[in-house]
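Accompanying notes for the structure given below.
Each value in this text was obtained by applying a stated rule to the coordinates, not by laboratory testing. These numbers come from a predicted model, not from an experiment. A quick note on method: Cβ atoms are made from the backbone with ideal geometry, for glycine too, and the neighbour counts reach across all protein chains shown.
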C-alpha cells in the first residue's frame, strides 16, 4: 500500500535556498577561499613552532636562573646588594654600601664572605686612641658598624669588607682614583648624610686591592644617620679612615 508523502514547507524553502546559493556560487571565489585557508594553516604551523622554541628557551633560562640562585649572599635585605656603588637605600640605621653587579659570565669560584662580627672586632682594633666604643652591630657577613665617642659627641662608623670585586673595579674606581705603590686604588668623599638627619655628613674612604678585596669605611657626625648631628665633624678624619681601609689586617680575614 503506497505511503502518502506530506510536503514540509520548511524543507521546501530550505531546499530552494540551497539551490539558489549553489547556482550563484563563483568558482573564482572557491579558489580564493582555498588559498586563504592554506595561508592560515601555514601561519598556525609557524606559531606552533615558535611556541615550542620559546618553551625550550624558557626551560633553559630556568635552569640558568636556578644556578644563579644558588650563589650565596642573595635574598638578604640587610647585607650588601652586589651592584655598582650608588647611594644606599634610605633606612633608619647603619646600612651597607651597594654590592658589585653580577658579571655576565659565571664566576669560576665564589669568594668566601668575611664574618660580620670579625669585621667589627678588627675595626675596633684599628681605631685611634681616645675613642670609646659605646655601641656596635654587624650583619652575618661583610658589614659591621660601631658607635664611638671621643668626649665630643657620638659618631657612627660603618665598614664593608668585600672579597672578589676585581671584575667591577673599573666601574667603581674611575681615572681620578689614587693608586698606591701596592696597586691599591683609593677614593675619598665628603657629602651630606642620606637618611634624613639634620646636619649629618658622611665621610668615606673606598679602597680596592689588586686581588679584588674592597674595603669601604664611612664615618658620620651623629650616632645614627636618621638623627640630628651631635658634632660638627665625624670622630675620624679622612686620613684616619683611609688608614683603616688600607690596613693589612683585612688581608688576614679572607
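Tabulated results
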read-out: Computed over region 116-253: relative contact order in percent, which uses C-alpha pairs under 8 Å that are six or more apart; value: 23
read-out: Cα gyration tensor, region 134-180 - rounded (a/c under 1.5), prolate or oblate; value: oblate
read-out: Sequence of 209, 214, 254, 231 once ranked by neighbouring C-beta atoms within 10 Å, starting from the fewest; value: 254, 231, 209, 214
